[in-house]
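The values are calculated or read from the model by the stated rules, or taken from the named source; none is laboratory data. Just so it is clear, the model here is predicted, and its values are computed rather than measured. Please note: Cβ atoms are built from the backbone with ideal geometry, for glycine as well, and neighbour counts cover all protein chains shown. Calculation scope for accessible area: heavy atoms of the full protein, side chains included, ligands and nucleic acids excluded. Shrake-Rupley method; radii C 1.70, N 1.55, O 1.52, S 1.80 Å.
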Amino acid sequence: MKFKTLNSFALLIIAILFLFFWKQPGFYWSLFALAIAYLSMLIFGVFNLSLKFFAPAITSGHGDTIYLTYDDGPHAEFTPILLDLLKSEDIRASFFVVGKNIADQHELMRKMVDENHYIGNHSYSHDRFFQLWRTEKVYEDLDKNRELISQFQHPSRRAFRPPIGIMNPNIAKAALKLRYPIIGWNNRTFDTTTSDVNTLWKRTRSNLNKGRTLILMHDNLPHSHELTKRIIDWGKKKGMNFATVEHLMN
């Protein structure tokens with residue numbers, strides 16, 4: 001992994017500085033510059049899942065295919081509306097669910113699976129401090145959600161998307177220990193920043209022509225339905241295919 005490579009390289013530079021430049025003018029400034037460069041690369045890796053800095057990740061699709069993915073559900077009001085749209089268009093999508101939302105939504109979860117959508121793990125808690133947890137706590141949280149999802153979807157079908165898309169060594173270790181393929185995106189709609197579908201569509205549309213499109217949306221928002229409809233209409237006009245992330249993992 002690139003994280004291990006970075007650590008090895010940093011240790012090598014530190015060793016060279018101590019061996020050949022100890023007590024030389026600028027020695028401590030060199031160490032300071034190295035520390036700044038290290039932290040900058042580390043932060044960049046944390047917030048950019050596509051770099052695959054801490055673990056392998058799937059962050060793009062194949063060919064002329066659109067992969068619709070939704071985070072943070074299931075939502076009692078908005079997810080069923082979205083499912084009805086997908087069913088009417090005969091399209092399968094991928095839902096990265098939050099475990100604490102599943103408790104009162106068993107029928108909705110069964111509907112998602114019965115209609116051949118793919119269910120991924122988006123953590124049990126989606127805690128605001130999830131990225132600061134130790135590996136053991138992250139593991140317990142993901143495993144708790146894994147058990148819940150396994151009540152509806154076969155345990156061998158598994159995928160993980162980290163909350164907020166932030167990755168670090170602890171989250172990576174827990175996910176890899178649970179044998180979770182990590183799923184990112186290459187077309188982020190930013191649908192949590194505005195409810196103006198025209199703005200969202202303009203932003204999303206600009207990246208659709210590139211193909212290999214792995215789209216991030218959220219099924220707990222009222223405007224997800226309309227944005228999804230526009231993506232589907234455009235994709236069908238262009239002769240694009242639609243598939244779940246399982247297609248990428250296979």
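Volume per residue for the range 94-250 equals 122 cubic angstrom (convex hull of Cα atoms).
Rounding to the nearest 20 debye, state how big the charge dipole of the range 138-250 is about its Cα centre with +1 on each Lys and Arg Cβ and -1 on each Asp and Glu Cβ. Walk me through the intermediate numbers first.
Numbers: 19 positive and 10 negative charges, 115 e Å.
Dipole size: approximately 560 debye.
Close amide H contacts of residue 118 (hydrogens built in the peptide plane, cut-off under 5 Å, sequence separation of 5 or more or a different chain): 93, 94, 95.
For the pair residue 193 and residue 212, label points projected 7 Å from Cα toward Cβ lie 2.3 nm apart.
Amide hydrogen proximity for residue 65: with H placed 1.01 Å from N in the peptide plane, the residues at 5 or more positions away or on another chain lying under 5 Å are 212, 213, 241. Note on the chain: dipole from Cβ charges, positive end direction compared against 13, 150, 216; the farthest Cα belongs to 13. Taking every protein chain into account, the accessible area of the range 109-184 amounts to 45 square angstrom per residue (probe 1.4 Å). Straight Cα distances below 20 angstrom link residue 52 to the lysines 2, 4, 173, 177, with same-chain residues fewer than 8 positions distant left out.
Quick one: compute the contact order of the chain, relative version, from alpha carbon pairs under 8 angstrom and 6+ residues apart, as a percent. Intermediate results must be reported in sequence, preceding the final value.
Details: 401 pairs, mean separation 70.7, N = 250.
28 percent.
Let me have the 222 nm mean residue ellipticity of the chain computed from DSSP H runs of 4+ only, each contributing -39500 (n - 2.57), with the sum over all residues rounded to the nearest 500.
On the way: 9 runs with 114 residues, N = 250.
Result for the chain: -14500 deg cm²/dmol, rounded to the nearest 500.
Between the amide H of residue 217 and those of 69, 70, 71, distances stay under 5 Å, these residues lying 5 or more places away or on another chain, with hydrogens modeled in the peptide plane.
A crude spin-label estimate for the pair residue 127 and residue 233, with each label 7 Å from Cα along the Cβ direction, gives 4.3 nm.
Among the protein heavy atoms of the chain, carbon and sulfur supply 56% of the accessible surface, probe 1.4 Å, non-protein parts ignored.
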